[in-house]
Amino acid sequence: MKQLPEDFIRQTKPLMGEERFNRFLGAFEEEAPVSIRLNPMKTEQEGGHLSRPVPWCPEGYYLEGRPQFTFDPLFHAGCYYVQEASSMFISHVLRQYVKRPVAMLDLCAAPGGKSTAAIAVLPEGSTLVSNEPNATRAQILLENVTKWGWAGCSVTNNYPRDFRKSKAKFDVILCDVPCSGEGMFRKDPQAIGEWSLQNVEKCWHLQREIVADAWECLHPGGLLIYSTCTFNTKENEENVRWMQQEYDGEILSVPTEAAWGITGSLLEGFEAPVYRFIPGITRGEGLFMAVVRKRGEKKEERGERREEREERKYPVQNQGIKAIALHLPPSTLHQDLSYADALRYLRGEAITLTPDTPRGIVTVTYKGVPLGPVKNIGNRANNLYPKPWRIKTTHLPTEPPVILEQIAKLKIQ
């Protein structure tokens, strides 16, 4: 284990307490757990499992070891998402508080883990704007959301202030804000070298700026879900208390079980319900989450026709918000590939389809799940899989990795 910064130890040990901090340190001597979250639109769990489920997310499962996900076509097809277990808590929060169709904004969404988790649990008729300010990361977000598959999601590349200026309004806003990254120390040793008290201060200011912009975009009665992957109270409880004092936000409790090992508030004198995941105590990486409701009730415009209400479900339209889109040629023709051909396709190579396959655009599948399009010209099918998504390595296995097989009675839809 790389030596933790002295300032971090000096700050965090009294915060957590001796026993809790020692358990946290002990987690560095263990292998970080590996977990995936199934896509309910592409897989169906028929009962029974071999892997241990993530207790706060029915679609989540811990795996034995870390397989080579790159060589599983079902991973590229969006049948599951590789996500650390603590972050799946967003699914539990949304299940508790979102019971009707909503317009939701994931403000800092890349690479897409929490957005795809939201897609899986939002009620039918909901819409999700999945936003990422960084242009390069926004393309990664677009890839993951596209592979997950849901027509109600738009991917955008804007700063939080752009949404505020646009006057777009949402029922739920997830602020998974940039932070000092203390919760990633075990998983990402580079985060240790980048940590400093100055960076904590910088993040604290940025987080409040983001929340201030997001709050203006929230309907009265709407939910702001605040999340970081750090431990200190400055970026966590102090910001939640600030929302309570500055905006009269109502901090909501989320039902949990003691066996989950979630830690509550560590800020002296602040007893509001917040949820902190600490490695060594919870089976996952570091995470903090709180749910804040904007007081008041959403005003419905009188006399509004149904068609107009439908349009209002897509708050990014004509609002000065820059949306990004991926244009893949549509096809009603499908052909299933062998494992070897699926890997060739994912590498961007031309493949050969069966002689009776019609010419033109064809969607190739693996185990019945679409991978992407090709243009069949007869003697070969030219590859139309987006170049940035392609597998780069030339050392390909002959047998698929055993990943979803770790979950018993799983049906690929």
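The values are calculated or read from the model by the stated rules, or taken from the named source; none is laboratory data. What you see is a predicted model; the values in this text were computed from it and never measured. Ideal geometry is used to build each Cβ from the backbone, glycine not excepted, and the neighbour counts take in all protein chains shown. Only protein heavy atoms, including side chains, enter the accessible area calculation; ligands, DNA and RNA are left aside. Shrake-Rupley method; radii C 1.70, N 1.55, O 1.52, S 1.80 Å.
Considering only protein heavy atoms, what per residue accessible area in square angstrom results for segment 1-130 with a 1.4 angstrom probe? Please list the in-between numbers first.
Working: 5260 Å² over 130 residues.
On a per-residue basis, 40 Å².
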Please report the relative contact order for the chain, taking Cα pairs under 8 Å with a sequence separation of at least 6, and give it as a percent rounded to a whole number.
19 percent
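In percent, how large is the relative contact order of segment 1-140, given Cα pairs closer than 8 Å and 6 or more residues apart? Before the final figure, lay out each step's value.
Working: 169 pairs, mean separation 27.6, N = 140.
Value for segment 1-140: 20 percent.
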Distant-in-sequence amide H partners of residue 222 (H built 1.01 Å from N, under 5 Å):
294
Can you give me the orientation-averaged projected area of the convex hull built on the Cα atoms of segment 125-278, in nm²?
11.0 nm²
How many nm is it between the label spots at residue 82 and residue 95, if each spot is 7 Å from the Cα in line with the beta carbon?
2.5 nm
Given Cβ point charges of +1 (Lys, Arg) and -1 (Asp, Glu) and nothing else, what value in debye, to the nearest 20, does the dipole of the chain about its Cα centre take?
1100 debye
Normalised radius of gyration for the chain, please: alpha carbon Rg relative to 2.2 N^0.38 Å, two decimal places.
1.04
For the chain, what is the calculated [θ] at 222 nm in deg cm²/dmol (nearest 500), taking -39500 (n - 2.57) for each run of four or more DSSP H residues and dividing by its residue count?
-8000 deg cm²/dmol
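Taking each pair of different alpha-carbon atoms in segment 1-106 once, compute 1/r for the pair, average those values, and report the inverse of that mean as the Kirkwood hydrodynamic radius in Å to one decimal. Please report the intermediate quantities before stating the final value.
Numbers: mean 1/r = 0.0593 Å⁻¹.
Every distinct Cα pair counted, the radius reaches 16.9 Å.
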For residue 356 paired with residue 390, estimate the spin-label separation in nm (one decimal), with each label point 7 Å from Cα along the Cα-to-Cβ line.
3.2 nm
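Round to the nearest 0.05 the FRET efficiency obtained for residue 136 and residue 332 when R0 = 25 Å and r is the Cβ-Cβ distance. The partial results should precede the final answer.
Working: r = 34 Å, r/R0 = 1.36.
About 0.15, to the nearest 0.05.
How high is the relative contact order of segment 94-215, in percent, counting Cα pairs under 8 Å that sit 6 or more residues apart? Before the final figure, lay out the partial values.
Values: 182 pairs, mean separation 31.9, N = 122.
Averaging sequence separation for qualifying contacts and normalising by length gives 26 percent for segment 94-215.
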Inter-part gap, Cα centre of segment 321-336 to Cα centre of segment 1-38, in whole angstrom, is 43 Å
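At 0.36 nm per residue, minus the direct Cα-Cα distance, what do residue 411 and residue 323 gain on full extension? Give it in nm, one decimal, please.
28.3 nm
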Sort largest first and round to whole Å: the equivalent ellipsoid semi-axes of segment 88-137, each the square root of five times a Cα gyration tensor eigenvalue.
20, 12, 7
All lysines inside 21 Å of residue 298 as judged from Cα atoms, apart from same-chain residues fewer than 8 positions distant:
99, 165, 167, 169, 313
Gain on full stretching of the segment that runs from residue 375 to residue 161 - 0.36 nm per residue minus C-alpha separation:
72.8 nm
